[in-house]
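This report concerns only the one structure given below.
Readers should treat all values here as calculations from the given coordinates under stated rules, not as data from a laboratory. From a predicted model like this one, the values you see are computed outputs, not experimental measurements. As a convention, Cβ positions derive from the backbone with ideal geometry for all residues, glycine included, and neighbour counts pool all protein chains shown.
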Amino acid sequence: MPKTPPAPSPFWAPHVHADRRPLLLARNRIIAALRSWFAARDFIEVETGALQISPGNEMHLHAFATALDAPDGSSSPLYLRTSPEFACKKLLAAGERRIVEFAKVFRNRERGALHHPEFTLVEWYRVGAPYETLMADCAAILAQAADAAGARRFSFRGVSADPFAAPERLTVAEAFMRFAEIDLLATLPRGEPDRDLFARAARATGIAVGEGDSWGDIFSRVLVERVEGRLGIGRPTLLDQYPAVQAALAKPAGDPRVAERFELYVCGMEVANGFAELTDTVEQRRRLEREMTEKERIYGERYPLDEDFLAALAVMPPACGIALGLDRLVMLATGAARIDEVLWAPLASS
């Protein structure tokens, strides 16, 4: 009878910690280097609350729910944030112009090599700057992290990239055509998704499409199966101009079918998500309600809108913002295979 393999030792076992410690010290050096980089550019480091009325309104993000019990016995639902975005934008409305937060955030239903229920986002905002400025920030931050970790190359799952090389800039439509031979924009006539056209195009290239799959489901499947793993190989990739229907918080681009949103990929791994901020309150409400309607259809739940955020959006100046996964950046700089390896105290497995 085959023997059951022994359970892995906990992170606090001395021999395990000894192996992990060099990665954790590199993490500390990277954080210190990034803090110095932001401070040198007049960013104010802020701390916003982890407890929020709304955890965020993207359909595929799942929050941890809790409740605030008042002295009178009443109870109000609250959530652990999936991002500090809403609170940071309120600070922009208040008058801050350059802010950064090293934010602990929480996402349910996520655990794996690249996912941990609690992780750290470095999120920063620039008032009055085009979103291309964030792309330059990303290139500089990759180099800062590499220098802090003493790394000349970033690596993950057998592929590598030069963190000092100028990133390639590629639109999502170009990537879909190059790697999947799908004309993505043709599936968005007048900006509205044509699900059936997309399904036929995806099936023609060997992508499995279920009868209940939405346009967004097909988009995600093509992105994951054909595109993501081929980005950021040799040098970083900036995947730019996401479809507007995949950018609920971003400003439309010149072509209304796409938005001023990009993601940073290194070694096939998504590291950051940035965009020019949408400041139209009416349009923002419409988009968030659409996201929650889809979430309810798919998952049977929805989160409330943050009315305070929507009110602040009406006075928020034009800005751009980005969230970068600190733990993933440390993984790349140290060659770690799993996110748990670069967390000082990962959640114990049940």
PRE zone check, label point 7 Å out along Cα-to-Cβ of R29, amide N under 11 Å, scope the range 142-174, hits 145-152
For the range 89-162, convex hull volume per residue from C-alpha positions, Å³: 135
Full-stretch length increase - K104, L68 - with 0.36 nm per residue and alpha-carbon distance subtracted: 11.0 nm
Where a ≥ b ≥ c are the square roots of the eigenvalues of the C-alpha gyration tensor, would you call the range 220-285 rounded, which needs a/c under 1.5, or, failing that, prolate if a/b is larger than b/c, or oblate? prolate
Taking only complete DSSP H runs, can you tell me which helices of the chain stretch 18 Å or more along their own long axis by Cα positions and average at least 0.5 on the Kyte-Doolittle scale? 132-149
Using a 10 Å cut-off around each Cβ, can you sort E260, E211, E110 from fewest to most neighbouring Cβ atoms? E211, E110, E260
Normalised radius of gyration for the range 45-97, please: alpha carbon Rg relative to 2.2 N^0.38 Å, two decimal places. 1.32
When W37, W344 are arranged by how many other beta-carbons sit within 10 Å of their Cβ, fewest first, they go W344, W37
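Report the percentage of all Cα-Cα pairs in the chain whose separation exceeds 30 Å, rounded to a whole percent.
Looking at the chain, the distances longer than 30 Å represent 40 percent of pairs.
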Looking at the P(r) of the range 131-173, how many percent of alpha-carbon pairs lie beyond 16 Å? 44
Report the equivalent ellipsoid semi-axes for the range 109-236 in whole Å, largest first, defined as the square roots of five times the eigenvalues of the gyration tensor built from alpha carbon atoms. 31, 18, 16
Longest to shortest principal axis, alpha-carbon extents of the range 254-350, angstrom: 44, 35, 25
State log₁₀ I(q)/I(0) for the range 12-115 at q = 0.12, 0.24 Å⁻¹ as given by the Debye formula over alpha-carbon point scatterers of equal weight, solvent excluded. -0.63, -1.20
Dipole magnitude (debye, nearest 20) for the chain, charges at Cβ of Lys, Arg, Asp, Glu: 1000
Using the Cα centre of the range 292-350 as the reference point, and only Cβ charges (+1 on K/R, -1 on D/E), how large is the resulting charge dipole? Debye, rounded to the nearest 20. 220
